[in-house]
Every structure is written in C-alpha cells, then in structure tokens.
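Worksheet for the structure shown next.
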Amino acid sequence: MNENLFKDKQDRLLSIYYTAGYPTLDSTINIAEELEKSGADFLEIGFPYSDPVADGPVIQNSSEIALKNGMNLTLLFEQLKELRSRVTIPVFLMGYCNPVLQYGVENFCKSCAEVGVNGVIIPDLPMYEYEDLYQETFLQYGISNIFLVTPQTSTDRIHKIDKLSNSFIYLLSSNATTGKNLEVGESSTAYFQRLKDMNLNNPLVIGFGISNSKTFRQATDYAKGAIIGTAFVKLLAEEDYLSKIKSFIADIKS
Amino acid sequence: MSKYQVNEKGYYGPFGGAYIPEMLYPNVEELQQRYLDIIHEESFQQEFHSLLKDYVGRPSPLYYAKRFSEKYGAHIFLKREDLNHTGAHKINNTIGQILLAERLGKKRIIAETGAGQHGVATATVCALKGLECVVYMGEIDIQRQAPNVARMKMMGATVVAAQSGSKTLKDATNEALRDWINNPVDTHYIIGSVVGPHPYPDLVARFQSIISEETKKQLLEKTGNSKPDYVLACVGGGSNAAGMFYHFLDDEDVKLIAVEAAGHGVDSGESAATTALGKDGVLHGSRSILMQTADGQVIEPYSISAGLDYPGIGPQHAWLFKSGRGQYVSITDDEAMQAGLRLTKLEGIIPAIESSHALAYLEKMTFKGDENVVICLSGRGDKDLDNYMKYFGF
C-alpha cells in the first residue's frame with residue numbers, strides 16, 4: 001500500500017517532475033527509466049493542460065508543446081502500460097481537474113491502478129469535493145491523492161489534509177507558481193520547522209523552487225524529500241538530454 | 001432563497017464551486033467569509049451608492065426606443081449602461097470591488113481584461129482610490145485595443161502583456177491568477193465577469209444587479225408594470241446579463257434571453273457560442289459549461305467582439321441554461337454588425353459590438369404588438385469604431 005511507499009527508504013529523497021509528451025510524444029517512459037537508473041527516488045509525471053494556472057512559464061511551455069505533440073490522458077495511459085516493466089520507483093501523475101473530469105474520475109483511478117501509478121496530484125481539485133465525491137473511489141483503486149500545503153495554510157487545515165492523505169504531503173516552499181527560486185531565509189525555515197514539529201502521519205515532501213544541491217539539501221533538512229520540476233524540464237530542452245540525466249541527478253544529490 | 005441564486009456552498013445547481021490550487025485558498029476563503037458582511041455594512045452601501053450616483057452617473061436611463069419599437073412591433077426599452085462613466089456596465093462591479101478591497105486592507109489591485117473595458121474600469125477605480133493597479137491583457141488584445149491601453153496607462157495602471165497560449169482574454173485571466181498566487185497577502189484580484197471561484201460569480205452579480213433593480217423601478221414608472229415580457233442581454237462571461245437578469249430571476253413569467261457570439265457561425269469552427277458548443281467542465285476556478293476538446297483542453301473561442309470571445313460562461317448562466325430558466329441563443333458577427341448599424345441609424349446610438357449581439361436577436365423574435373422588451377445596452381461603441389469602420393468601409 002502507498003502508506004509504506006517511503007517507509008523503508010532513506011531520507012533526502014529526490015523526486016523529479018516532468019511533463020508527459022515533452023520534449024517528444026514518446027519520450028515519457030524513456031525519461032522515467034533513465035531517472036530511476038540515475039538515482040531519482042520517485043517521479044511525478046505531468047499530464048498537460050491548456051490553462052495551468054499554478055505553473056510558471058517553463059512548465060507551461062512544456063505543456064503547450066506536449067499538447068501540440070498530441071499528448072492526452074488516453075495516450076498517456078496507453079504509454080504507461082510499459083511503466084512497471086521498466087520502472088520500479090513510485091510514480092505519481094500531476095495535472096489539472098478538467099482533463100480528469102472529462103476522462104471520468106473513476107475511469108482515471110482505474111487506469112492509474114492498471115498501469116501501476118501510485119497516486120495523483122491535482123492542485124485545483126477542492127478538498128471538499130475529494131472528500132464528498134471521490135475519496136471512496138480513490139481508496140477503492142488504491143490511488144493516493146496528494147494535497148498541497150503552503151505557508152498560508154492554517155494549522156487546522158493541515159491536520160485535515162494529514163487525515164485525508166495516505167502517502168505524502170506536498171509542501172510548497174513558498175506561495176508561488178512553479179519555477180521561482182527557493183530562498184531559504186528565516187521565514188521559510190520557521191515554516192518548514194513548524195510543519196516538521198507537527199509530527200504529521202504523512203511524510204513531507206517539499207516542492208517549488210528547488211533547483212540544485214544546495215536548495216535540495218536545505219529542503220530535505222526539514223522534509224523526507226524534495227521535488228525538482230522546472231530545472232529538470234529546462235534540461236529536457238537540451239540536445240542529448242537523456243545522456244545528461246545521470247549527471248543532473250548526481251549534482252543534485254552531491 | 002431563490003433556486004437560481006448561489007447556495008451556501010457556492011454552487012448554482014451543479015455549477016460553481018471553488019476549483020483553485022491551495023496557494024489561492026486563503027485569499028478565496030477570506031473573500032468567501034467576509035464579502036457578504038462587508039457589502040451589507042451601511043457605510044459600504046452608502047459609499048457604493050454615492051459613487052454610483054455621482055461618479056458613475058446612475059441611475060442609467062431606461063430609454064424607450066421609439067423607432068426601434070415601431071420597426072419590431074413591440075415596446076423596446078434600452079437600459080443605457082453605455083452612458084456610465086468609462087462607457088460600459090463594467091464600472092458597477094469595479095466600484096463595488098475596490099470598496100471591498102479597501103475594507104479587506106489590500107494595497108494592490110490586479111485585473112484581467114479582454115477588450116479593455118474592464119481594465120479601464122479597474123484602472124479608473126484604482127486612480128480614484130490611489131491604489132496600485134496591474135492589468136493583464138493578452139498581447140494580441142493590446143494591439144487590437146490601443147486606445148483602452150492608453151486610457152489605463154493615463155490612469156497610472158501597469159498593463160502587462162499576457163504572452164502565453166492564444167495571447168487573449170483566457171490567457172490574461174491565467175496570468176492574473178498566477179500573479180495572485182505569487183502575491184497572496186496584499187493583493188485583491190478584481191475579476192471582471194461572473195466567472196472565477198466562489199464567491200466571485202455571486203459578488204460580481206450582486207454589484208451588477210443594480211441594472212435590473214433600476215430597470216424594475218423605471219419600467220413601473222413608464223408602463224405601470226415592473227415586469228417586462230422579455231429581457232435580453234449579451235453573454236461572454238455574462239456579467240451584464242447577470243445584472244440585467246438578477247431581479248427578474250424569480251419572475252418566471254419574464255422571459256430571459258441570453259445572446260452569445262456565434263462568430264462566423266456556430267459550426268464554423270470560429271465561434272464563442274458556449275452553450276451550443278460546450279459541455280460541463282472546470283476553468284478559472286469554477287465548474288460551468290466550457291468549450292473544450294474531448295480530452296478536456298480549452299478551445300480558443302472566436303468573436304468579432306473582443307468582449308465576448310471567452311470559452312466559458314459564468315456558473316449561474318450555466319444553471320439558467322441547464323434548468324431552462326434562460327433561453328441561450330447566438331448571433332453571428334455579421335448579424336451583430338448589422339444590428340449595431342441599425343441602432344445607430346434609427347436611434348442615434350452607437351452600441352458596443354457586444355451589445356449589438358443582443359440587439360440583433362430582435363430580428364429573430366416575433367411579437368404580439370404590445371409586449372415590453374428590455375435590452376441591456378451594456379456598452380458604447382467608441383472602442384469599436386475601428387471594427388465598424390473596417391466592416392462597413394466608412
């Protein structure tokens with residue numbers, strides 16, 4: 001079960017986010033495989049949406065190109081049939097509400113389960129709607145729903161999120177869209193420490209603004225892991241990106 | 001509680017809600033918790049109505065269009081929102097929201113704009129109140145609507161070009177939401193239509209409801225009956241229509257007609273007729289009806305009117321459509337342009353192309369002769385002169 005996904009793993013876990021269908025339509029699984037080989041501990045694969053309000057320009061651009069390449073949820077699940085024969089680390093899907101609603105929430109959970117996806121991150125899915133309408137379905141298919149927490153999220157709400165979670169909690173380094181640089185100052189360390197001290201049931205993973213070994217280290221002083229998105233998506237724009245993944249991961253973990 | 005108004009959870013039937021990332025949750029929750037208390041405060045109401053009267057120039061006239069009435073064989077009244085300060089109904093909402101923002105202690109205002117009318121109305125109230133103003137506008141719209149960009153800049157606003165996607169209103173809205181995510185504490189986002197997460201659709205409709213509130217009184221004075229047979233308004237996101245319908249929603253004998261932009265024709269592939277082409281979905285924070293692909297990607301709409309080319313409609317409109325309370329129809333570019341010219345020639349009023357869509361639907365209606373019809377003339381055509389000139393070759 002997903003509760004134990006991170007239990008036996010060491011600390012300072014590194015997760016990488018990238019967009020399905022970017023840079024090319026069929027690059028998704030190859031990148032996943034290379035990331036696992038290079039030492040990534042888990043993955044977030046974004047499914048593209050035309051209006052991604054929580055994303056900065058780099059990830060939005062990757063979504064636009066992925067859509068132009070022809071990526072959609074049906075095709076992604078088709079491609080992910082190969083996932084578990086080639087990748088063993090936990091994999092989460094990340095994207096927005098509307099494509100999931102059109103695919104059908106139950107159908108979506110079922111497809112996730114069939115291909116071996118562990119959970120999903122849907123930033124604009126309201127907590128009340130998950131609780132009222134979808135939680136049962138998610139649990140039935142063994143799919144974790146990952147909630148976000150920001151510096152502005154109240155303590156009560158964090159406890160509620162912890163209760164509804166069964167995998168990890170996605171801690172945003174700051175209230176921002178993706179791609180801003182993390183500046184670990186007094187306010188963010190106080191915020192990370194506050195969360196750490198809450199001794200929540202679910203492990204914390206920090207995302208947004210992590211781009212190098214320094215920020216990775218700072219974030220994982222307080223959390224079980226950290227997520228890198230924008231910096232990795234930038235790498236994918238380079239030629240021979242597959243061959244550069246190993247050193248990218250090594251640099252972060254150094 | 002009217003079955004057509006928002007419920008305590010922020011829904012109109014199955015539509016509405018607040019589909020927002022956690023980063024916006026505190027801002028939206030603060031608004032949800034406080035907007036009704038604030039706008040019901042006596043000092044708020046006093047200031048709001050005083051500004052509407054002396055600054056905006058309300059009540060706007062309800063004009064009996066004699067020659068139009070003769071032409072169509074009905075009593076046709078125009079609710080003259082075009083005579084408002086800044087030239088459209090948009091100012092009703094921005095006056096209300098700037099007072100709300102002040103009372104929330106916000107120091108910075110952001111807004112999105114398509115044609116520029118809402119941007120101008122927002123820049124205006126920011127100048128009035130001395131608040132910083134940033135308006136997001138699609139890069140293509142900036143080129144198409146240069147006079148409105150100049151107006152905003154004169155009033156001290158910063159106009160930021162939205163470079164993403166199709167570089168029009170939808171993308172300007174995305175950019176404004178991103179700005180709000182990145183500036184959660186000191187910034188209020190003045191949304192210009194009855195769209196966005198709860199409570200925006202209700203908030204904006206309440207501020208625009210002045211249109212139907214006045215209409216009822218004025219109609220009673222002029223005809224002895226506050227209820228017309230038909231009420232017509234154009235719909236992009238749908239704020240003028242929401243205001244025009246508001247006080248008639250429970251008068252089930254008043255027929256509500258919402259006119260969408262069919263562009264080059266509903267089936268031409270270049271259209272903004274959301275109810276004809278769309279289906280249920282989530283965009284910009286609420287569940288509504290949305291033009292989208294089977295895969296859930298938002299389709300870029302088209303209309304000659306920059307104020308109507310939005311791929312969705314407000315959740316209340318989705319509910320009025322779905323429940324059958326409102327009749328949702330569409331008018332092509334050509335039909336709208338001809339209607340605009342018709343009003344100009346018969347009544348000496350140059351309407352905004354948005355409003356011309358509502359006027360054009362008269363051509364498709366048949367009347368018994370003594371029926372009263374109110375049309376919301378949501379804005380004036382000055383901003384559209386270039387379009388009118390190009391279209392008719394003046």
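The values are calculated or read from the model by the stated rules, or taken from the named source; none is laboratory data. None of these values were measured; they are calculated from a predicted model. Reconstructed Cβ throughout: ideal geometry from the backbone, glycine too, with neighbour counts over all protein chains shown. Remember, those area values only see protein heavy atoms, side chains included, never the ligands or the DNA or RNA. Shrake-Rupley method; radii C 1.70, N 1.55, O 1.52, S 1.80 Å.
Things worth noting here:
- Sites residue A:187 and residue A:155, calculated FRET efficiency, Cβ-Cβ separation with R0 22 Å, nearest 0.05: 0.85
- Here the contact order of segment B:5-116, divided by its residue count and restricted to Cα pairs under 8 Å and six or more residues apart, works out to 18 percent.
- Per residue, the solvent-accessible area of chain B (1.4 Å probe, heavy atoms of protein chains only, all protein chains present) comes to 34 Å².
- Global geometry of segment A:107-221, whether rounded, prolate or oblate, following the gyration tensor of its Cα atoms and the 1.5 cut on a/c: prolate
- Extreme residue, positive dipole direction of segment B:266-325, given options B:323, B:273, B:288 (C-beta unit charges): B:323
- A dipole drawn for the protein assembly as shown from +1 and -1 charges on Cβ atoms has a positive end, and of B:169, A:228, B:21 the residue lying farthest that way is B:169.
- Number of partner chain Cβ atoms within 10 Å, mean per residue of A:115-127: 3
- Residue B:75 exposes around 70 Å² of accessible area when a 1.4 Å probe is run over every protein chain in place.
- Cut-off of 10 Å, at most 15 other beta carbons, DSSP loop: longest stretch of chain B lacking such trypsin sites (Lys or Arg not before Pro): B:108-367
- Fraction of the pair-distance distribution of segment B:1-65 above 15 Å, Cα-Cα pairs, percent: 70 percent
- Hull volume in cubic angstrom per residue (convex hull over the Cα atoms of chain B): 127 Å³
- Pairs of lysines in segment B:272-387 (C-alpha under 27 Å apart; 8 or more residues apart or interchain): 7
- Coarse-grained scattering of segment B:220-367 at q = 0.09, 0.19 Å⁻¹, given as base-10 log I(q)/I(0) from a Debye sum over alpha-carbon atoms: -0.28, -1.12
- Formal net charge of residues neighbouring residue B:225 (Cβ-Cβ distance under 13 Å; K, R +1; D, E -1): -2
- Residue by residue, segment B:264-270 carries 3J(HN,Hα) couplings of 7, x, 3, 9, 7, x, 10 Hz when phi is fed to the Karplus relation 6.51 cos²θ - 1.76 cosθ + 1.60 (θ = phi - 60°); x denotes Gly or Pro.
- Segment A:153-254: C-alpha gyration tensor shape, a/c 1.5 cut-off, then a/b vs b/c: prolate
- Size of electric dipole in chain B: Cβ of Lys, Arg +1 and of Asp, Glu -1, about Cα centre, debye, nearest 20: 620 debye
- Separation of alpha-carbon centers, segment A:26-57 and segment B:93-160, rounded to whole Å: 37 Å
- Partner aspartates and glutamates for residue B:107 [C-alpha distance under 13 Å; skip if fewer than 8 residues away on the same chain]: B:132, B:186
- Computed over chain A, Kirkwood Rh from alpha-carbon pairs, angstrom: 18.1 Å
- Using the alpha-carbon positions of the protein assembly as shown, Rg (one decimal) and Dmax (whole number) come out as 25.8, 83 Å.
- The mean number of Cβ atoms from other chains found within 10 Å of a Cβ in peptide B:280-287 is 5, as a whole number.
- The GluC sites (Glu not before Pro) found in segment A:116-206 that occupy coil by DSSP, while having at most 15 further C-beta atoms within 10 Å, are A:183.
- Between segment B:366-394 and segment B:208-282, the alpha-carbon center distance in angstrom: 15 Å
- For residue B:330, residues with placed amide H under 5 Å, excluding near neighbours: B:260
- Estimated Rh, segment A:1-103: Kirkwood, alpha-carbon pairs, angstrom: 14.3 Å
- The A and B chains share an interface that buries close to 2800 Å² of accessible area, total over both sides, probe 1.4 Å.
- Local electrostatic count, residue A:254, Cβ distance below 14 Å [Lys/Arg +1, Asp/Glu -1]: +4
- C-alpha center-to-center spacing [segment B:314-345, segment A:151-225] in angstrom: 48 Å
- Inter-site label distance for residue A:127 and residue B:9 at 7 Å from Cα along Cβ, in nm: 1.7 nm
- FRET efficiency, residue B:385 to residue A:137 (Cβ-Cβ, R0 51 Å, nearest 0.05): 0.40
- Within segment A:44-147, trypsin sites (Lys or Arg not before Pro) in DSSP loop having at most 16 other beta-carbon neighbours inside 10 Å: A:81
- Taking amide H as placed 1.01 Å from N in the peptide plane, residue B:283 has its amide H under 5 Å from the amide H of B:288, each at least 5 places away in sequence or on another chain.
- Rounded to the nearest 0.05, the FRET efficiency derived from the C-beta distance between residue A:238 and residue B:158 at R0 = 51 Å is 0.90.
- Alpha-carbon radius of gyration plus Dmax, which is the widest Cα pair, for segment B:307-394 in Å: 14.4, 44
- For segment A:46-61, 3J(HN,Hα) per residue [Karplus equation, 6.51 cos²θ - 1.76 cosθ + 1.60, θ = phi - 60°, Hz, x = Gly/Pro]: x, 9, x, 9, 5, 9, x, 5, 8, 9, x, x, 5, 6, 4, 4
- Cα-based shape type of segment B:80-146, given that a ≥ b ≥ c are square roots of the gyration tensor eigenvalues and the cut on a/c is 1.5: oblate
- Estimated distance in nm for a label pair at residue A:198 and residue B:40, the labels positioned 7 Å out from Cα along Cα-to-Cβ: 3.2 nm
- All aspartates and glutamates inside 19 Å of residue B:71 as judged from Cα atoms, apart from same-chain residues fewer than 8 positions distant: B:229, B:335, B:347, B:363, B:370, B:371
- Proximal lysines relative to residue A:110, as straight alpha-carbon distance under 18 Å, when same-chain residues fewer than 8 apart are discounted: A:81
- Accessible surface, 1.4 Å probe, highest first, among residues B:264, B:85: B:264, B:85
- Net +/- balance of residues flanking residue A:215 in space, Cβ distance below 13 Å, scoring K and R +1, D and E -1: +2
- In sequence order, segment B:307-317 has phi-based couplings of x, 10, 8, 10, x, x, 9, x, x, 5, 5 Hz under the Karplus curve 6.51 cos²θ - 1.76 cosθ + 1.60, θ = phi - 60°, and Gly or Pro positions carry x.
- Relative contact order (percent, whole number), segment A:119-254, Cα cutoff 8 Å, 6+ residue spacing: 19 percent
- Extension gain, residue B:251-residue B:294: 0.36 nm per intervening residue step, less the Cα-Cα distance, totals 11.8 nm.
- Taking segment A:53-159 and dividing mean pair separation by its residue count, relative contact order in percent (alpha carbons under 8 Å, at least six apart): 25 percent
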